[in-house]
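Shown next, in structure tokens, is the structure this report addresses.
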């Protein structure tokens, strides 16, 4: 269990058992960014029906088949946020992909692609807790090299609602190291567990 500010959080893996809590949080937040359901990172063709309802169905199918991973953050019985992770095969898309691929480096074992904290929980440690949970789950799943693609927000105003790839400082506090820049404020960071 993590304690951030005055809030106690615990993490659980996204699976068939935790799906209802995840779905309630997504639905309470307009499907997240207008119906995304965190499907974009799964790649083109991962969802044949591009409507919010179609994305929900595709995400639930992937979860039930064990093809979608996330560290869900709970406060009491309620899911209040998450951190999505998976292998590059599971999550082939990332932002700034052209700059990322230009380096020609070997793909990581795991990617951390997005974070979300529900309304009223932003800025309370949900992202840090979710990241800690994801690292723990990855370790349990065999470990390896993990990459994240966060924004450097130092000296800039940035709304937590739009930091869907996470903040660089959150990753660095968790032990990730900067690898290379792939955008004006976007970094590739790595950690091996």
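The values are calculated or read from the model by the stated rules, or taken from the named source; none is laboratory data. The shown structure was predicted, so the numbers you read here are calculated from the model rather than taken from an experiment. Neighbour counts are summed over all protein chains in view; Cβ atoms, including those assigned to glycine, are modelled from backbone coordinates with ideal geometry.
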Inside region 1-49, can you point out the residues that are out of contact with any helix residue (DSSP H, G or I) (no Cβ under 8 Å at 6 or more places or on another chain), at pLDDT below 85 and within 24 Å of residue 66 (Cβ to Cβ)?
44, 45
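Out of contact with any helix residue (DSSP H, G or I) (no Cβ under 6 Å at 6 or more places or on another chain), in a strand (DSSP E or B) and modelled with pLDDT of 95 or more: does that describe residue 85? Can you show your working first?
Values: out of contact with any helix residue (DSSP H, G or I) (no Cβ under 6 Å at 6 or more places or on another chain): no; in a strand (DSSP E or B): yes; modelled with pLDDT of 95 or more: yes.
Taking the combined requirement at face value, the residue does not satisfy it.
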Checking residue 111 against (1) closer than 21 Å to residue 39 by Cβ; (2) touching a helix residue (DSSP H, G or I) at 6+ places or on another chain (Cβ under 9 Å); (3) in a loop (DSSP other than H, G, I, E, B): exactly one of these is not met. Which one?
(3)
Search region 22-37 for residues being assigned to a helix (DSSP H, G or I) and more than 14 Å from residue 126 (Cβ to Cβ), and hand back the single one that is nearest to the chain's Cα centre (by Cα).
26
Has region 96-110 got any residue that is in contact with a strand residue (DSSP E or B) (Cβ under 8 Å, 6 or more places away or on another chain) and within 30 Å of residue 8 (Cα to Cα)?
yes
